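Worksheet: one structure, shown below.
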Amino acid sequence: MTTNAIEAVGLTKRFGRGTKATQALAGIDLAAREGTVLGVLGPNGAGKTTAVRILATLLRADSGEARVAGLDVVKDAERVRQSIGLTGQFASVDDDLTGMQNLRMIGQLLDLRSAEATRRATELLEWFELAEAAHRPAKTYSGGMRRRLDLAASLVGRPAVIFLDEPTTGLDPSKREAMWDVVRSLVTEGSTVLLTTQYLDEADALADEISVIDQGRVIAHDTPIGLKRVVGGQRLTVRPAEPERLAEVGVLLADIAGTAAEEQGRDTLSVPVTDDAALTAAVGRLHEAGIAVTELSLHLPSLDEVFFTLTGRPADTDAADTDAA
């Protein structure tokens, strides 16, 4: 039977006093099953980072309970730290040490023997495509390289539970996708990952389940597909090969869906539909009308649309989460 590697119930956290106090967490519940990825989404200041810091024993909650790897984060804080890996929003490596020295140092702090620490450091440097820079000081690394070194550092001890707080901030698209492969490999090997991110495509690609936090509360929790159904079913999208026939397509779609078609980009129309039968009907009607298409798709809403529906604002993918540092 699958058990939870991460459990939090009723966590609250308040910073400051009086009228200037900030309620960072207002009673959140989180749970991640062993060997899965829990995505935690939310706008800036929602409480994501505060929750991670409590679960990683860096902060103590004002109230509520949390267990990580079966251990109480307050009563068994030291043992929790031995079971987890943590990558924060900003790289925290030692600039004066080389990449190899940074990782070896962490391995030795984790009581690995010198030879074992070196083997693990070599393995991780190759995994994160840093082998050629292994013996250069970290201060000579680019921002993306430093970020990858920081991620590697969190994995030295092969932790059972890994907290990745905005892990791909500062990485270019190709390196982000490489990091996604790392996360998938970690889960395949049995680790549990809690991932906070504002890149909604990242959560869609990696998360088994997603919790959406806003104003210190969990406002939705489900699988990515389950959350997408919050917006209200599927959409049928058509782009005719001949743009001058767009009006005909609009009439055809309105007849199928029972509602007016909406523009969905240049020379493209879309309608909400209730089931998969709409796609079959569209194929037949378009063929009968002799309308060739360059796009014909049936899809659930994106996580961006879900996020906007739940929070009333779009995800900000340009800024890191700043809740209650």
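The values are calculated or read from the model by the stated rules, or taken from the named source; none is laboratory data. These numbers were taken from a predicted model, which means no experiment stands behind them. When we count neighbours, we look across all protein chains shown, and the Cβ atoms used for this are built from the backbone with ideal geometry, even at glycine. Remember, those area values only see protein heavy atoms, side chains included, never the ligands or the DNA or RNA. Shrake-Rupley method; radii C 1.70, N 1.55, O 1.52, S 1.80 Å.
At-a-glance table
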read-out	value
Selected residue (only one of Arg81, Arg67 is in contact (Cβ under 8 Å) with a residue 60 or more places away in the chain, open to solvent by 30 Å² or more (accessible area, probe 1.4 Å) and among the basic types (Lys, Arg))	Arg67
Answer from Leu41, Leu109 - the residue that is more than 21 Å from the chain's Cα centre (by Cα) and at pLDDT below 95	Leu109
Test result for Arg14, within 19 Å of Gly88 (Cβ to Cβ), open to solvent by 60 Å² or more (accessible area, probe 1.4 Å) and over 21 Å from the mean Cα position of the chain (by Cα)	no
Among the residues listed as Thr19, Thr12, Thr49, Thr87, the single one being in contact with a Ser or Thr (Cβ under 6 Å, 6 or more places away or on another chain) and at pLDDT below 95	Thr87
Filtered residues of the range 207-227 (kept if at pLDDT 90 or above, hydrophobic (A, V, I, L, M, F, W, C) and open to solvent by 20 Å² or more (accessible area, probe 1.4 Å))	Val218, Ile219
Cβ-Cβ under 6 Å pairs, at least 6 apart or on other chains, the range 39-64 side more than 17 Å from Ala203 (Cα to Cα), far side in a loop (DSSP other than H, G, I, E, B) and aliphatic (A, V, I, L, M)	Thr50/Ala324; Arg53/Leu59; Ile54/Ala61; Thr57/Val73
Hits in the range 141-184 (condition: in contact with a helix residue (DSSP H, G or I) (Cβ under 8 Å, 6 or more places away or on another chain), among the hydroxyl-bearing types (Ser, Thr, Tyr) and open to solvent by 10 Å² or more (accessible area, probe 1.4 Å))	Tyr141, Thr169
Within the range 262-299, tally of residues that are assigned to a loop (DSSP other than H, G, I, E, B) and open to solvent by 40 Å² or more (accessible area, probe 1.4 Å)	9
Only listed residue being of a type outside the set (Lys, Arg), over 21 Å from Ala46 (Cβ atoms) and out of contact with any Leu (no Cβ under 7 Å at 6 or more places or on another chain), chosen from Glu177, Glu202	Glu177
Residue match in the range 299-310 (condition: at pLDDT 90 or above and of a type outside the set (Ser, Thr, Tyr))	no
Arg33 open to solvent by 30 Å² or more (accessible area, probe 1.4 Å), under 17 Å from the mean Cα position of the chain (by Cα) and not small (Gly, Ala, Ser)	yes
Count - residues of the range 110-131 that are of a type in the set (A, V, I, L, M, F, W, C), under 20 Å from Arg146 (Cα atoms) and part of a helix (DSSP H, G or I)	6
Search result, residues across the range 44-63 that are under 22 Å from Asp304 (Cα atoms), part of a loop (DSSP other than H, G, I, E, B) and open to solvent by 10 Å² or more (accessible area, probe 1.4 Å)	Asn44, Gly45
Some residue of the range 40-50 being closer than 15 Å to Asn4 by Cβ and of a type outside the set (Val, Ile, Thr)	no
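Table: residues versus (1) within 27 Å of the chain's Cα centre (by Cα); (2) surrounded by 14 or more Cβ atoms within 10 Å (Cβ to Cβ); (3) more than 30 Å from Ser211 (Cβ to Cβ).
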| residue | (1), (2), (3) |
| --- | --- |
| Arg229 | yes, yes, no |
| Arg235 | yes, yes, no |
| Val238 | no, yes, yes |
| Ala241 | no, no, yes |
| Arg245 | no, yes, yes |
